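The values are calculated or read from the model by the stated rules, or taken from the named source; none is laboratory data. Since we're looking at a predicted model, the values are computed, not measured. With ideal geometry, Cβ positions are generated from the backbone for all residues, glycine too; neighbour counts draw on all protein chains shown.
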Amino acid sequence: MDNIIEAVNDEDVVQDETLHQQHQEQEYHDEDNDAQSTDTTFDMTLATAHSYLGNDLEILRGRTLLDNGIYINLPLWLPEEEWSKKIILFPGQTLPIMERDVFSIEMLRKCIAKDRTFGVASELDINCIGTTAEIYEYSETPDATEIRIKAKGRQRFKILKLRYTSTRNVTADVQILPEITLPSPYFEHRLVSLDRLRVIPTNEVTAKQYRNLTKKESVLTPWPAWVHHQYNSRLLSLDIQKYLQFVQSKFIARGSNIPTDPIDLSFWVAQNVIITPRDMMTLLKQDCAISRLQMQAKLLAKLTDKIFVCKRCRSQIAKQTDVFPMNQEGVQSAYVNPNGAIHETVTLSHAQCLHLLRRPPSTDYSWFPGYAWTIASCATCYAHIGWRFTATRSDLKPKSFWGLTRASLTWGDREKYYDEWDNSYDHSDPDSHHIPESETSSD
């Protein structure tokens, strides 16, 4: 009889848990629908400035620009947190760091006193490519046990030799790699008499004028015009922007914009589109915006009909059109929690198949001031996916959104029933899947 009673009680617990999960999902699904509006009152500069690091950071003036091709010895930053070791930094990307390791603090302190530049490389090996990072703001605790910095990716480099010091720090002999800018394919064969008709293709109208002109000039070369168009950085940029139209409109609605310069755009896409680390490294190795844009156009074409899925169990999480910006630098940015773990996080207005930790939302160390965060995991496999952010003030818009980590997502095929809200998951006890808060919490 006792066994029967226990079985009935267990079944009731499972039913209660399932009903709670379904009610929770329907609740945040309804709130997500309310958040779909393009209206926003959140100041995106707060997220861009990483204000959660504090307001006592000292601003370092000036900028260090290393000559292309030179050979220098560069200190390398080696993060202790596992979540931060595979960071692939691109030029123009912001890197927030909170460091408590005494050796790393000493290395960063020396960088600040010298030229404020250190190296970031996801792989420590000869001929591997990395990016220099320049510190532009920093703060150190009085007891020198913690240092907080904001750094900006600047220039690519190639590792030639690694040097290990007695303090566990690593320096590298590196070569600063140039960013090659190629002239127009028609420059040597152009008709000078048509120079007055030349336009820079920055939109569909000027692109059409440019194509009509190059058709005439292509007869002077062995190749047709469409071949030359594949090596025009401006036309490639326009092709990329077509794929990003759904994001571009959201940027414009929030008073920001996607870069139009081909070099800046190529690095922006590499930072903001979820691709594999191998593809990211391949892009970082390219020394010309044209080759990066060509690769990115092919990648985006393949991903047009894809959706975001859980990397571990392939559960459907979100659509591409759910992505929207909460940071002026892009839809995906790197953020650091107090434990030093850096999370590359993409913001979305809507998500599904996620389970929220049964705790009150916390505002501690929130990456988005005015919003409280709750840890979110996959409702199927309970892998950590990211966080749900809810507004703490009635005047803030959107009322809620999701911040999901790049490391937890991958691309999957869209299924016909995806647009329906599916509550048919197998919900087991979430407490049996413990997620270390030192790695997953925003706090």
Query raised in the report: Looking at this structure, is Trp367 in a loop (DSSP other than H, G, I, E, B), in contact (Cβ under 8 Å) with a residue 60 or more places away in the chain and more than 17 Å from Asp322 (Cα to Cα)?
Result: yes
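So is Pro142 assigned to a loop (DSSP other than H, G, I, E, B) and under 18 Å from the mean Cα position of the chain (by Cα) or not? Don't jump to the end; show me each part of the working.
Numbers: assigned to a loop (DSSP other than H, G, I, E, B): yes; under 18 Å from the mean Cα position of the chain (by Cα): no.
Here the answer is no, as Pro142 does not meet what is asked.
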Only one of Ala301, Ala270, Ala334, Ala351 is surrounded by 18 or more Cβ atoms within 10 Å (Cβ to Cβ) and either at pLDDT below 95 or in a loop (DSSP other than H, G, I, E, B) (or both), namely Ala351
Counted residues in segment 254-300 being under 18 Å from Thr410 (Cβ atoms) and of a type in the set (Val, Ile, Thr) come to 6
With criteria (1) modelled with pLDDT under 75; (2) in a helix (DSSP H, G or I); (3) surrounded by 16 or more Cβ atoms within 10 Å (Cβ to Cβ); (4) touching a Leu at 6+ places or on another chain (Cβ under 9 Å), Trp83 comes up short on (4)
### Task
Kindly indicate whether Leu89 is assigned by TED's automatic domain parsing to the domain that holds His343, within 18 Å of the chain's Cα centre (by Cα) and not in a strand (DSSP E or B).
no
Here the residues within segment 362-373 that are over 12 Å from Asn337 (Cβ atoms) and surrounded by 19 or more Cβ atoms within 10 Å (Cβ to Cβ) are Phe368, Tyr371, Ala372
* Asked: Based on what the data block shows, is Asp195 touching a residue at least 40 places away in the same chain (Cβ under 8 Å), among the acidic types (Asp, Glu) and over 30 Å from Leu348 (Cα atoms)?
  -> no
(1) out of contact with any strand residue (DSSP E or B) (no Cβ under 6 Å at 6 or more places or on another chain); (2) part of a loop (DSSP other than H, G, I, E, B); (3) of a type outside the set (A, V, I, L, M) all hold for Gly340 apart from (1)
If we ask which residues in segment 310-331 are out of contact with any Cys (no Cβ under 8 Å at 6 or more places or on another chain) and either buried (at least 21 other Cβ atoms within 10 Å of the Cβ) or closer than 28 Å to Ile258 by Cβ (or both), their number turns out to be 15
Note to self: Just checking, does segment 370-385 include any residue being over 30 Å from Ile149 (Cβ atoms) and part of a strand (DSSP E or B)?
What the structure shows: yes
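Please find, among Thr282, Thr260, the residue that is hydroxyl-bearing (Ser, Thr, Tyr) and either on the phi > 0 side of the Ramachandran plot or more than 17 Å from the chain's Cα centre (by Cα) (or both).
Just one listed residue meets the conditions, Thr260.
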Q. Does Pro91 fit the bill of being surrounded by 15 or more Cβ atoms within 10 Å (Cβ to Cβ), farther than 17 Å from Ile342 by Cα and touching a helix residue (DSSP H, G or I) at 6+ places or on another chain (Cβ under 8 Å)?
A. yes
Counting only helices (runs of 4 or more DSSP H) wholly inside segment 194-261, the ones holding at least 1 residues that are β-branched (Val, Ile, Thr) and touching a helix residue (DSSP H, G or I) at 6+ places or on another chain (Cβ under 7 Å) are 204-217, 233-243
Reported set for segment 226-253 where residues are surrounded by 14 or more Cβ atoms within 10 Å (Cβ to Cβ), at pLDDT 85 or above and more than 30 Å from Met326 (Cβ to Cβ) is His229, Gln230, Tyr231, Asn232, Leu235
